[in-house]
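K.L.:
Supplied in structure tokens, the structure appears directly below.
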Amino acid sequence: MKDEVKTKEQLINEVTELRERIPQLEAVEEERKHVDVKHTRGMEFLSRTATELVELPSEENIYQFIGEKLKALVGNAVVIINSFDKVSDSFCTRAVVGFGKYIKSVLKLIGRDPVGMTYTITDGDARRALRSGKLVEGPKGLHELSFGKIPESSCRAIEELLGLGGIYVIGFTWKGELFGSAVIIMRQRSRGRPELEGRDIIETFIYQAAVALQRRQAEEALQKAHDELERRVEERTDELLKANEQLKEEIEERKQADEALRQSEQRYRSLVESAMDVVFSLSKDGTVTSLNPAFETTTGWPRAEWLGKSFRPLIHPHDLPSAMERFHRVLQGQKTPIYELRVLSKTGEYLTGQFTSTPQIQNGKVVSILGIARDVTERKRAEKALREREAELEIKTKGLEEVNTALRVLLRKRDEDRNELEEKVVSNVKELVAPFAEKVKQGLFDPKQVAYMNILESNLNEIISPFLRNLSARYVNLTPTEIRVAHLIKEGRTTKETAELMALSPRTIETHRKNLRKKLDIERNKGNLRSHLLSLK
């Protein structure tokens, strides 16, 4: 009985305890239902966003989309979405969500739009945390979060303005590769650090976003590769079209060149066949490989007799060393000036030829020699005859020059004798006839006899007038009286003698002597007047 009573008491206690626990159990059940609802909503969110991420158009900003969805998931917070560039090993802010009505104030405090800011995480632990794909607590404030790029005073003002609290970061990671990061900055209006709920949902969404980012980057890379391929295909197509057109042009040019070459070869062949000069070609060992018809007409040899043979027997033995020296110089690619060689003709006579030789080059090497020879035998003979004739003319010219010299001497002597004769005639008339005629004329009183004497004097003047003109030519500036005085001075007459002969006063003769010295320009040097007159021709 006692045990039964105790059992009843226990049952009563248990019932009482159960009744007391009913509200707790109901609260737990309510909490469980709330958790289930949140979980269900989270799953619905993940399912919906997964579909939206898959169907997101390529032209829409995926970073802005992820930021807005994450903001909707975490509630009252500021969300920052960053991309990661493996080449530069840096992060770049691509979207910021949650500033709301404070956006203008925040931008003013920052001094610029945070979208586009880049930074590098050098902390190894921080980089490993991002690669883990798990939510971790971030830096204590915005200044640290921006790696000092935003002034600390501005960061503190923004934190105060927005009531920012705890900072959480997580990396967009897929298969160990990092594609970016998300930053969640909780907002608070009361004291204490607000808790971030639904971490598993957040991490799952971030994983979905990482897959979407990987796919977007792959699509962008694929599109870029496709565009690059299209561009290269277009460029290559253009190049091929241009190459095709160029090839057509080259083919047409080649046809034209071939036709021009054919015509040129035909003209060359016609020119060579009809040329008056000998055109020949030699191989590198000196074998004659071609000859034009002029070879036969010039030398008398049939071409067939020398084709395929060495050219050496055709050259005069004395000229062969010079011919070989030029042959080897041309084989070395040198161009030789025009030279002469004596060539054996069919008759055995050696003809003189004027030669030019040029190397024929293929692929940078001399393969043969092309030459032209002109028969200058007749010209050389004519030149020799001309030289002999010039030598004869030179001898005759020298003889004629000697004869001319002798004749010039004789003529000069004749002129001197004539001048002397003229001067003597004039002198004799003036000295031996004129004075006495004048005295006779002064002693005559018969008018008729005076007339006869005047006629005699006039006739004498007519006889000697040509001689006086010749003397005047030598004394251009002298008067006739001065010429007569000069002539008497040359003969050595004194002033008195001259005055008596000319029937003038000595004073007048002295005046004429002074005038002579002045006109003959010997007044200053005090030279002898007679010596000067004798020196005049």
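K.L.:
Which one is surrounded by the most Cβ atoms within 10 Å (Cβ to Cβ), of the residues in region 46-87 that are polar (S, T, N, Q) and touching a residue at least 24 places away in the same chain (Cβ under 8 Å)?
P.N.:
Quick first cut of region 46-87, residues polar (S, T, N, Q) only: 47, 49, 51, 58, 61, 64, 76, 82-83.
This time we only want the ones that are touching a residue at least 24 places away in the same chain (Cβ under 8 Å), so: 49, 58, 61, 64, 76, 82-83.
Working: Thr49: 22, Ser58: 9, Asn61: 13, Gln64: 15, Asn76: 13, Asn82: 25, Ser83: 19.
Going through the qualifying residues, I end up with Asn82.
K.L.:
Could you say whether any residue in region 78-98 is in contact with a Ser or Thr (Cβ under 9 Å, 6 or more places away or on another chain), modelled with pLDDT of 85 or more and in a loop (DSSP other than H, G, I, E, B)?
P.N.:
The first filter runs over region 78-98 and keeps only residues in contact with a Ser or Thr (Cβ under 9 Å, 6 or more places away or on another chain), leaving 80-85, 88-94.
Those left that are additionally modelled with pLDDT of 85 or more: 80-85, 88-94.
Subsequent filtering for residues that are in a loop (DSSP other than H, G, I, E, B) retains 88-89.
Checked against the condition, which is being in contact with a Ser or Thr (Cβ under 9 Å, 6 or more places away or on another chain), modelled with pLDDT of 85 or more and in a loop (DSSP other than H, G, I, E, B), region 78-98 yields at least one hit.
K.L.:
Let me ask you something else. Residues in region 70-81 that are more than 18 Å from Val115 (Cα to Cα) and not polar (S, T, N, Q): how many? Before you say what the answer is, go through the steps one by one.
P.N.:
Step one: list which residues in region 70-81 are more than 18 Å from Val115 (Cα to Cα), which gives 72-76.
Then drop every residue that is not not polar (S, T, N, Q), which leaves 72-75.
Number of matching residues: 4.
K.L.:
Being in a helix (DSSP H, G or I), surrounded by 14 or more Cβ atoms within 10 Å (Cβ to Cβ) and modelled with pLDDT under 90 is the requirement here; does Asn404 meet it? Outline the logic, then answer.
P.N.:
Numbers: in a helix (DSSP H, G or I): yes; surrounded by 14 or more Cβ atoms within 10 Å (Cβ to Cβ): no; modelled with pLDDT under 90: yes.
No, not satisfied.
Residue-wise test of (1) part of a helix (DSSP H, G or I); (2) at negative phi; (3) out of contact with any helix residue (DSSP H, G or I) (no Cβ under 9 Å at 6 or more places or on another chain).
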{"site": "Glu159", "(1), (2), (3)": "yes, yes, no"}
{"site": "Tyr168", "(1), (2), (3)": "no, yes, no"}
{"site": "Thr173", "(1), (2), (3)": "no, yes, no"}
{"site": "Ser181", "(1), (2), (3)": "no, yes, no"}
{"site": "Phe205", "(1), (2), (3)": "yes, yes, no"}
{"site": "Ala210", "(1), (2), (3)": "yes, yes, yes"}
{"site": "Arg216", "(1), (2), (3)": "yes, yes, no"}
{"site": "Gln223", "(1), (2), (3)": "yes, yes, yes"}
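K.L.:
With the requirement that a residue be at pLDDT below 85 and hydroxyl-bearing (Ser, Thr, Tyr), what does region 120-150 give you?
P.N.:
Thr122, Ser146, listed by residue number.
K.L.:
If you scan region 296-325, which residues turn out to be farther than 14 Å from Arg342 by Cα, touching a strand residue (DSSP E or B) at 6+ places or on another chain (Cβ under 7 Å) and of a type in the set (A, V, I, L, M, F, W, C)?
P.N.:
If we filter region 296-325 for residues that are farther than 14 Å from Arg342 by Cα, which is where we start, we get 296-297, 300-310, 325.
Those still in the list that are touching a strand residue (DSSP E or B) at 6+ places or on another chain (Cβ under 7 Å) too: 303, 306-310.
The answer is Trp306, Leu307.
K.L.:
Ok, one more. For Lys86, are the conditions met, namely being charged (D, E, K, R), over 29 Å from Gln217 (Cα atoms) and under 58 Å from the mean Cα position of the chain (by Cα)? Break it down into steps so the answer makes sense when it comes.
P.N.:
Numbers: charged (D, E, K, R): yes; over 29 Å from Gln217 (Cα atoms): no; under 58 Å from the mean Cα position of the chain (by Cα): yes.
No, not satisfied.
K.L.:
Looking only at region 152-174, count how many residues are out of contact with any Phe, Trp or Tyr (no Cβ under 7 Å at 6 or more places or on another chain) and touching a residue at least 24 places away in the same chain (Cβ under 8 Å).
P.N.:
At the first step, the residues of region 152-174 found to be out of contact with any Phe, Trp or Tyr (no Cβ under 7 Å at 6 or more places or on another chain) are 152-160, 163-171, 173-174.
In the following step, the residues that additionally are touching a residue at least 24 places away in the same chain (Cβ under 8 Å) were identified as 154, 157-158, 163-171, 173-174.
The number of residues fulfilling the criteria is 14.
K.L.:
Sticking with this one: Determine which single condition Arg189 fails, assuming it passes every other condition in (1) charged (D, E, K, R); (2) part of a loop (DSSP other than H, G, I, E, B); (3) at pLDDT 85 or above.
P.N.:
(3)
K.L.:
If you don't mind, another one. Take the residues in region 119-153 that are touching an Asp or Glu at 6+ places or on another chain (Cβ under 8 Å) and surrounded by fewer than 16 Cβ atoms within 10 Å (Cβ to Cβ); name whichever of them is farthest from Ile185 (Cα to Cα).
P.N.:
Thr120
K.L.:
Another question about this same structure. Residue under question is Thr481, and the condition is that it be more than 26 Å from Arg418 (Cα to Cα), among the hydroxyl-bearing types (Ser, Thr, Tyr) and either in a helix (DSSP H, G or I) or modelled with pLDDT of 70 or more (or both); does it hold?
P.N.:
Values: more than 26 Å from Arg418 (Cα to Cα): no; among the hydroxyl-bearing types (Ser, Thr, Tyr): yes; either in a helix (DSSP H, G or I) or modelled with pLDDT of 70 or more (or both): yes.
Considered against the rule, which asks whether it is more than 26 Å from Arg418 (Cα to Cα), among the hydroxyl-bearing types (Ser, Thr, Tyr) and either in a helix (DSSP H, G or I) or modelled with pLDDT of 70 or more (or both), Thr481 comes out as no.
K.L.:
Okay, next question. Looking at (1) touching a residue at least 40 places away in the same chain (Cβ under 8 Å); (2) under 24 Å from Phe65 (Cβ atoms), which is the one condition that is false for Gly116?
P.N.:
In the conditions (1) touching a residue at least 40 places away in the same chain (Cβ under 8 Å); (2) under 24 Å from Phe65 (Cβ atoms), Gly116 misses (1) alone.
The values are calculated or read from the model by the stated rules, or taken from the named source; none is laboratory data. Computed from a predicted model, the values in this text were never measured in an experiment. Here Cβ is always computed from backbone atoms with ideal geometry, including for glycine, and neighbour counts include all displayed protein chains.
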